[in-house]
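Report on the structure given below.
The values are calculated or read from the model by the stated rules, or taken from the named source; none is laboratory data. All figures in this text were calculated on a predicted structure; none of them were measured in a lab. In this analysis, Cβ positions are derived from the backbone assuming ideal geometry, glycine residues included, and neighbour counts consider all displayed protein chains.
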Amino acid sequence: MQPAQLLAALAPGEPLSGAALAAQTGVTRAAIWKQIEALRTRGVPIEARGAAGYRLPWPLQMLDAGQIRAALPAPLVRSLGALEVHWELDSTSSELQRRGAQAADFSVLLAETQTAGRGRRGREWLSPPGLNLYLSCLKRFEQGFAALAGLSLAIGVIVLRALEDLGIAGAGLKWPNDLLAVAEPPQGGKLGGILVELSGEYQGPCAAVVGIGLNLRLTTALREQAGQPACDLATLTGGTPPDRNRVAAALIAALINGLRQFERDGFAGFTADYERHDLLRDQPLQLSGALGAFNGTGAGVDARGALRVRMADGSLRLVDSADVTVRRA
Ligand code: BTN
């Protein structure tokens, strides 16, 4: 039995005994137990309920390309390049980059789990199976790298538009591209992250692989492993996040429409929305990066997506790359 099959069997949330699972799949109970342990090690909270057997604490939906397509408006389905759902990839973004020239525009890869999920600045992105979303999308641009300034901030706005379409409020943006739940921890924290990687000619044409990780369900253990306050859509929706395939479809729809808008208007088309969701505005900030460490106050972003920081003497400093934290009084 493959781990994907086992997770699919447990997905409805009903208890299933080791014996029933073994009979269903023709493998031994010992083999089932080994796979249960393997899924638990990857972060899936499978409970053991005595004689009743194994169960998940809530139902989950396995990702399904057919269901994602069915939830997309027809014109957007026609715009898609590939739409692939994998059980496991090292990283959806790495795989899309390896496809290189063979991948059509708006090719989308999703994986139930990533073995080497990548975050910004070489950090790891935890990718337990079945709980969250890991998605990458390829978009080519005739323009060069300079015209794509602000793209990763625009993607933040695009993800928020997808959440809005799903009726989910309570998320905002932390420069450069973190998606945060607005409440203070333990309720608030990082809801998702965005990694935009460019390749091609500096003067154009070039291609962007947009990678999005969105937390739908985090367990206490995963929150601890995250190394920073983390949050999930379940918290924002009172306990039950929307169907994972619906969330994937909403993200893909917002990406296709939003990337087309960016191609036409650049970051200028997103600045008003970014401003509305900017969680660093007027906040006391601590910044650290190549330029050293300094404090200031968030004052929005400029037309290229650089962070504007008001210094103590009233001057404005533009920051292209740094780690930012909000100073607590
Ligand atoms: C960050 O906040 O550090 C960015 C995280 C980006 C994670 C996503 S998950 C899908 C895609 N594949 C990866 O390996 N990374 C991105």
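A few notes on this one:
- Verdict on GLY167 being more than 14 Å from the ligand (Cβ to nearest atom) and either part of a loop (DSSP other than H, G, I, E, B) or at pLDDT 95 or above (or both): yes
- For segment 120-142, taking the residues that are basic (Lys, Arg) and modelled with pLDDT of 95 or more, the one that is farthest from the ligand (Cβ to nearest atom) is identified as ARG140.
- Summed over segment 159-173, the residues that are surrounded by 18 or more Cβ atoms within 10 Å (Cβ to Cβ) and touching a strand residue (DSSP E or B) at 6+ places or on another chain (Cβ under 7 Å) give a count of 6.
- Residues of segment 120-158 satisfying the condition of being surrounded by fewer than 23 Cβ atoms within 10 Å (Cβ to Cβ) and hydroxyl-bearing (Ser, Thr, Tyr): SER152
- In segment 175-192, the residues that are in a strand (DSSP E or B) and within 11 Å of the ligand (Cβ to nearest atom): ASP178, LEU179, LEU180, LYS190, LEU191, GLY192
- Hits in segment 193-221 - residues which are aliphatic (A, V, I, L, M) and within 14 Å of the ligand (Cβ to nearest atom): ILE194, LEU195, VAL196, ALA208, VAL209, VAL210, ILE212, LEU214, LEU216
- Among the criteria (1) surrounded by 24 or more Cβ atoms within 10 Å (Cβ to Cβ); (2) closer than 18 Å to PHE267 by Cα, the one ALA208 does not fulfil is (1).
- Residues that are modelled with pLDDT of 95 or more, in a loop (DSSP other than H, G, I, E, B) and surrounded by 16 or more Cβ atoms within 10 Å (Cβ to Cβ), drawn from segment 82-114: SER91, PHE106, SER107
- Of all positions in segment 177-191, at least one carries a residue that is over 24 Å from GLY43 (Cβ atoms), β-branched (Val, Ile, Thr), surrounded by fewer than 19 Cβ atoms within 10 Å (Cβ to Cβ) and touching a residue at least 12 places away in the same chain (Cβ under 8 Å).
- Residue check: GLY117 meets all listed conditions (1) away from the ligand (no atom under 15 Å from the Cβ); (2) buried (at least 17 other Cβ atoms within 10 Å of the Cβ) but one, namely (1).
- Residue list for segment 59-98, restricted to those being hydrophobic (A, V, I, L, M, F, W, C), touching a Leu at 6+ places or on another chain (Cβ under 6 Å), closer than 26 Å to SER199 by Cβ and within 16 Å of the ligand (Cβ to nearest atom): VAL85, LEU96
- For segment 226-242, the set of residues classified as in a loop (DSSP other than H, G, I, E, B), hydrophobic (A, V, I, L, M, F, W, C) and within 12 Å of ALA183 (Cα to Cα) consists of CYS231 only.
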